[in-house]
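The structure appears right after this line, and notes come after that.
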Amino acid sequence: MGVMGRVIMMMMPITPKFIVRWVANRYVAGPELSDAIQVMQSMQSQGACFTLDVLGEEITSLDEAEFFVNEYNRAVDAIVSEGVDANISLKPTAFGLLIDRDRAIENIEKITKKAAQNDIFVRLDMEDNRVTQSTIDIVIEMQNRGLSNIGTVLQSRLFRTGDDIEFLASTLGGNSDVRICKGIYLESDSIAHTKYQDIVNATNEAVDNLLDAGAYTAIASHDIPVIDYSLSALAKREMGPGIEDPRQNASESRAGKGPGYEFQMLLGVRGNIRRKLAKEGHRTRVYIPYGGRWYEYSMRRLRENPDVAWHVAKSIIMPWTNRR
Ligand code: FDA
């Protein structure tokens, strides 16, 4: 699989842009905010809620951060005016985290305040290991400033994740809200698991730890062993659709959230599994990326993790494995 992915990735730079666009169409709502709204409205009947992401990351000058501040402002306004059940996901490096930390925090605070005024949750996506600690720190900083509508993502492949769960839960109590995923960035074996089964085991362990810590647990995986394990971990704690979160250490249920947990998937990936979970009553959220930078985003994702190229190719060759 690794080899296939690398071969496909090597061909990408010489693949005509219109072909890349045709493929990306499945995974990206479109270049405009209105495209994202349309996709969300068309998927609402599938029992899904959403998280909206403006494509782009790691800016080179602070002026570029303005674009993201404005676009997320527009996104919040559109969520409200169109009445879609959505929150927002953003990448701290797009707000200047690697250039000027204070300015990045200022920018993120602006968005988080605006979102709070509209009862919208803000998720800081997790990027590579250069910013793991600072992303967690921003969540704590925002919460200290009275903004409880913010949480981040932890990547189970990283060895540090168990400690991060403990830290977030002990600092924020029931206000800790974590999306747990495997992690798309292929980190070195000195800081991360690199083998599939080790990563699955670490993901399952992180789900257990988050549930036990009282954190709101957003399980972001399309991998059946992880989903099945999570379902049994929930059942073991008597958590599930329509049941009020029974955990003593969890916070009270909040608007727009599930009973202590939810499942999250990417637009275009394994919609059949997501729809099945929704039908069973689980809260399911679809990650909806949109924006003019779809080409750069797609190419960067492929460079970072060639396995993504294989997943995409497989979903075209064997479409029954991956219905949008
Ligand atoms: P795995 O990679 O084993 O995939 C299982 C199956 O799902 C594959 O065999 C394939 O069929 C399908 N599949 C998975 N990804 C696919 C794709 N891109 N295209 C087509 N098919 C695909 N990472 C991160 O580092 N920081 C973050 O903030 C986030 N945020 C995030 C949000 C949400 C909602 C999701 C679902 C995922 C993320 N991720 C992420 C990405 C995550 O870390 C991980 O890389 C992918 O979800 C793939 O891992 P799976 O657990 O799905 O398993």
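Taking K and R as +1 and D and E as -1, what net charge do the other residues with C-beta under 12 Å from the C-beta of Val312 add up to? Local net charge: +2.
Kindly give Rg over Rh for the chain, based on alpha-carbon atoms, with the Kirkwood expression for the hydrodynamic radius.
When Rh is taken as the Kirkwood radius, the ratio is 0.93.
In region 211-324, the convex hull through the Cα atoms has an average projected area of 8.5 nm², a quarter of its surface area.
Legend: Rg and Dmax of region 139-201, from Cα coordinates, 13.2, 40 Å. With K and R counted +1 and D and E -1, the other residues having a Cβ less than 11 Å from that of Leu33 yield a net charge of -4. What the phi angles of region 73-88 give under the Karplus curve with 6.51, -1.76 and 1.60, with θ = phi - 60°, is a coupling list of 4, 4, 5, 4, 4, 5, 4, 5, 5, 8, x, 8, 7, 9, 10, 10 Hz, glycine and proline written as x.
Within the straight-line cut-off of under 14 Å between alpha carbons, the aspartates and glutamates reachable from Lys257 are Asp85, Asp119, Asp177, Glu244, Asp245, sequence neighbours fewer than 8 places apart in one chain being disregarded.
In straight-distance terms, cross-link reach from Lys195 covers every one of the aspartates and glutamates whose alpha-carbon lies under 15 Å from its own, apart from those fewer than eight places away in the same chain; here that gives Glu187, Asp223, Asp307.
Working note: 222 nm ellipticity from helices only, DSSP H runs with n ≥ 4, each -39,500 (n - 2.57), summed and divided by the residues of the chain, gives -15000 deg cm²/dmol to the nearest 500.
Report, in debye and to the nearest 20, how large the dipole of region 29-290 comes out about its Cα centre when Lys and Arg carry +1 and Asp and Glu carry -1 on their Cβ.
Charge dipole of region 29-290: 760 debye, to the nearest 20.
Between the alpha-carbon centres of region 23-89 and region 201-249 there is a gap of 27 Å. Would you mind telling me the antiparallel percentage of the DSSP bridges in region 29-290, rounded to 5? If I count the DSSP bridges inside region 29-290, around 5 percent turn out antiparallel.
List the equivalent ellipsoid semi-axes of region 133-291 in whole Å, largest first, each obtained as the square root of 5λ for an eigenvalue λ of the Cα gyration tensor.
21, 21, 16
Bridgeable lysines around Lys17 (alpha carbons under 16 Å apart, same-chain partners fewer than 8 residues away excluded) are absent. Applying D = kT/(6 pi eta Rh) to region 74-197, where Rh is the Kirkwood radius over alpha-carbon pairs, T corresponds to 25 °C and eta to 0.890 mPa s, the Stokes-Einstein value obtained is 162 µm²/s. Once the other residues with Cβ under 15 Å from the Cβ of Pro241 are scored (Lys, Arg +1; Asp, Glu -1), what is the net sum? Result for the local shell: +3. Once the C-beta distance of Ser253 and Lys195 is scaled by a Förster radius of 30 Å, the resulting FRET efficiency is 0.20 to the nearest 0.05.
FYI, it's all coordinate maths here, none of it is from the lab. Quantities reported herein were computed from a predicted structural model and do not represent experimental measurements. With ideal geometry, Cβ positions are generated from the backbone for all residues, glycine too; neighbour counts draw on all protein chains shown.
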